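Below is one structure, written out as structure tokens; comments come after it.
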Amino acid sequence: MFVWEDGYKIGQEEMDAEHLILFALLNQLDVNINADRAGDCLDDVLNALGSYIDYHFAHEEALMQSWNYPGLETHSAMHKEFIKELAGLRAQVKGADALKAALKVRGFVLDWLLGHILETDVDYAAFMAVTTPTE
Ligand SMILES: [Fe+2]
């Protein structure tokens, strides 16, 4: 079970709240893995997670845009790459042992999200802390 910590907050309230939801969705996968139901839930959980990720990335990019954040393009490219990699991984584990597939996907998403928040999202939050939105 993944436990959210205050140290994962980037200091941008809306985005912190959305990141928390992402982890809550990921924990749904964890709950089902632990209850030995990975096979029944994997597609549903990943579809829900995928939809929320799409929403969150679009929201985050719109926010960066409205602040005229100079790192927007690089940041958006990372989002796109992640979506591509996740789709690739889902295709790759399709038909594989459900538990192994769920663990693999969970590990990939958790590592990516945490790394992305702590290494990349923190940069726009720091930028926004010392500037004002342009729109
Ligand atoms: Fe991001």
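Which of the following residues is out of contact with any Gly (no Cβ under 8 Å at 6 or more places or on another chain) and more than 11 Å from the ligand (Cβ to nearest atom): GLU60, GLU5?
Only one candidate qualifies: GLU5.
What pairs can you find where one residue is in the range 21-46 and outside any helix (DSSP H, G or I), the other is of a type in the set (S, T, N, Q) and at pLDDT below 90, and their Cβ atoms are less than 8 Å apart, with a gap of 6+ or different chains?
none
Between residues in the range 60-73 that are closer than 14 Å to MET15 by Cβ and residues that are among the β-branched types (Val, Ile, Thr), which pairs lie under 7 Å by C-beta distance while being six or more apart or on different chains?
Every condition considered, the pairs that remain are SER66/THR134; TRP67/THR131; TRP67/THR134.
Scan the range 38-66 residue by residue and report those that are loosely packed, with under 15 Cβ neighbours inside 10 Å and within 14 Å of ALA101 (Cα to Cα).
Matches in the range 38-66: GLY39, ASP40, ASP43, ASP44.
Just checking, how many residues over the range 1-15 are closer than 13 Å to LEU113 by Cβ and assigned to a helix (DSSP H, G or I)?
2
Could we say that HIS116 is touching a residue at least 40 places away in the same chain (Cβ under 8 Å), surrounded by 12 or more Cβ atoms within 10 Å (Cβ to Cβ), closer than 24 Å to TRP4 by Cα and not basic (Lys, Arg) here?
No, not satisfied.
Please return the ranges of helices (runs of 4 or more DSSP H) entirely within the range 65-135 where 3 or more residues are basic (Lys, Arg).
So the answer is 72-93, 98-116.
The values are calculated or read from the model by the stated rules, or taken from the named source; none is laboratory data. Computed from a predicted model, the values in this text were never measured in an experiment. Glycine also receives a Cβ, built like all others from the backbone with ideal geometry; neighbour counts cover every protein chain displayed.
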